[in-house]
1. All but one of (1) part of a helix (DSSP H, G or I); (2) more than 30 Å from B:L90 (Cα to Cα); (3) among the aromatic types (F, W, Y) hold for B:F193, so report the exception by its number.
2. Take segment A:204-239 and flag every residue that is of a type outside the set (A, V, I, L, M, F, W, C), touching a residue at least 12 places away in the same chain (Cβ under 8 Å) and under 22 Å from A:T24 (Cβ atoms).
3. Could you please let me know if A:E247 is over 16 Å from the mean Cα position of the chain (by Cα) and farther than 21 Å from A:L179 by Cα?
4. Residues of segment A:302-333 being more than 14 Å from A:R288 (Cα to Cα), of a type in the set (A, V, I, L, M) and in contact with a Phe, Trp or Tyr (Cβ under 8 Å, 6 or more places away or on another chain), which ones?
5. Give B:C15, B:C30 a once-over and let me know the one that is open to solvent by 20 Å² or more (accessible area, probe 1.4 Å) and within 30 Å of A:A137 (Cβ to Cβ).
6. Only residues that are at pLDDT 90 or above and closer than 16 Å to B:I7 by Cβ: list them for segment A:101-138, please.
7. When segment A:63-80 is examined, which residues are found to be surrounded by fewer than 20 Cβ atoms within 10 Å (Cβ to Cβ), of a type in the set (G, A, S) and part of a strand (DSSP E or B)?
8. Residues to consider are B:V137, B:V147; find the one that is β-branched (V, I, T), crowded, with 17+ Cβ neighbours inside 10 Å and over 24 Å from B:F11 (Cβ atoms).
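The values are calculated or read from the model by the stated rules, or taken from the named source; none is laboratory data. All values reported here derive from a predicted model rather than from experimental measurement. Using ideal geometry, Cβ is built from the backbone for each residue, glycine included, and neighbour counts are taken over all protein chains shown. Quick note on the areas: whole protein, heavy atoms, side chains included, nothing else; ligands and nucleic acids left out. Shrake-Rupley method; radii C 1.70, N 1.55, O 1.52, S 1.80 Å.
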Amino acid sequence: MGNAVVPYTRRMDNSPPAAPGQPTVIQVDRLAKQYRVFDKREGLLASIRGLFHREARMVEALRGVNLTVNRGEFVALLGPNGAGKTTFLKLLSGIITPSAGTATVLGHVPWERADAFRRRFALVMGQRNQLWWDLPAAESFRLHREIYRIDPTRFARTRDDLVAMLDVGGLVNRPVRDLSLGERMKLELVAALLHEPEVLFLDEPTIGLDVVAQHTIHRFLRHVREERHVTVVLTTHYMKDVVALCERLVVITRGSILYDGSLEGIVDRFTSHKIVTLDLDETPAPGRIERFGFPCEIRGPRVTLRVDRERIADVLPEILRGEPVRDVSVEDVPLEEIVAELFRGAAAGAP
Amino acid sequence: MGRYFGIFLTFARACLVRDMTFRANFLLECVTSLGWMSMNLAFYLLVFTFTAEIGRGTGWTREPFFAFVATGLIVNAIVQAFFMPSAEELTELIRTGGLDAVLVQPLDAQFLLSLHRVDYSSLANGLVGVGLLGWAVSRFAAPPPLVAWVLYPVLVACGVAILYALIIMLAAATILLGRNQSLYDFWFYLTTFSRYPAEIYAGPWGGPIRALCTFVIPILLVVNVPARIIAQPFTAAAGPLVAASLGAAAAMLVISRIVFQAALAKYRSASS
């Protein structure tokens, strides 16, 4: 008999794994953001009509969100396109102002844009280049030193450490426009961390990157978080990022938080079954295996069943006693599937 | 203040490095700019083959008028070199969300947005302007008094400040509107009025234009006041002119600051 495979490290409770005893770094209360958008109809006549009368409507990008993040946490904001993740990050970093609600980051109201606040955090946007395009990254680093008033010795030490960690020593003197997306993103991360921020906001940092670059960035971010105790809030579409980096997951759909808790908690809360995969000696006779659970797939002697979580302790011994089992594995429903189902439910207007 | 100057020097250095990377483009820009200026000067020389003075009794004979043109070149070269390239880039920064990166940096956003690019090729016109001014002044019947020389750079700075404030207000409009090409065209049309002596704006059409461009949008003070101080006889009338120029520059800077901050507060950011 094979070992049961549990894909993610499990925690016993479902509560948000906020770093206990650590000070609160981000406190958000009923934060909301509305946009007024103008609809533009198709066609020349409609365009001319639009010169005199435009149809406006309000879009609620964020609807009264509450969130508390403690020092040292690594929080993933997950949601479908247009869910409000990036709007949330922009509010927390003070780029835009909210329509209602309050927020403090490191004790500051972000949209007041105090220099004392802006020196203590960094924002990296995977889809936007923040380094000088035509110049080597070393020039952008130099500017960064001036803007953040970093002591030259400390600057050199931090830069060299970060460059070594990401193995980008050979890239810092090449014009940014000549670098690949993955190389650029590594240098963006170096630039963002030069002033040793206490909070790091990452907006889809691995978008478009190959597997190797993703893995390097995951390893780097884990190291940064552990060594420097940086609080990280990450938005992403990739479950790989979430699993590799975060203990806490915040699912946002249609501007509201649908789930805030541990990775394991989402499995417990939104699924009532587990996936049991059996490798039998032979193809089971029709109707024989269905009594244990719902058969998702039967491919020869390999059978995948969906079994109620509450029945699993009874069903497994029964299978092992009564069936010619070569190997068995028990897994949670894949996180991607749960999240996709949550997104679909939200899109359909389900609560 | 020293920190901001240091940051500006870093920007200036980076822009120089970039310009030197694209040397052919840099030289082409210098040649284009100088070519356009030479055509303008040739046009004014042509005008003076038909007349001895721009407007009867105005004092704008050939050499004083070329001192006026030189002042315009110097003011515009400073604006074009240090402020306009950044302002022109603003629409793109807003469209692509690049402004987001500016707003998270612990630095005054107005400083960063208005001074992060330097166009060195525009300084070529300024150098020609300085040369032209020297030539014109050397041919004056009476050289300008020392006080005029002292006031001249101050008044040029006031002119630059007025144009800078105008750019900042247009930049604020860009932040509010998201795109603003026509308003930059408007800036070009408006500054065209500043290129000629105020005396030509007379009569039923010229009078209102002169009033508008002096008291509402003080564009006529930009070149006229420093040029008059250096190129016309220095009299007691200079006092109110200098005061007007200083006052207008200060008022425009304050107003533009308020408008810009208000626009930043309403910034919506581009969708990602």
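1. All conditions are met except number (2).
2. Passing the criteria: A:R225, A:R228, A:H229, A:T231, A:T235.
3. On the way: over 16 Å from the mean Cα position of the chain (by Cα): no; farther than 21 Å from A:L179 by Cα: yes.
Considered against the rule, which asks whether it is over 16 Å from the mean Cα position of the chain (by Cα) and farther than 21 Å from A:L179 by Cα, A:E247 comes out as no.
4. Answer for segment A:302-333, where residues must be more than 14 Å from A:R288 (Cα to Cα), of a type in the set (A, V, I, L, M) and in contact with a Phe, Trp or Tyr (Cβ under 8 Å, 6 or more places away or on another chain): just A:V307.
5. On the way: B:C15 fails: open to solvent by 20 Å² or more (accessible area, probe 1.4 Å).
One residue alone meets the criteria, B:C30.
6. A:D115, A:R118, A:R119
7. Passing the criteria: only A:G64.
8. Values: B:V147 fails: crowded, with 17+ Cβ neighbours inside 10 Å.
From the options B:V137, B:V147, the qualifying one is B:V137.
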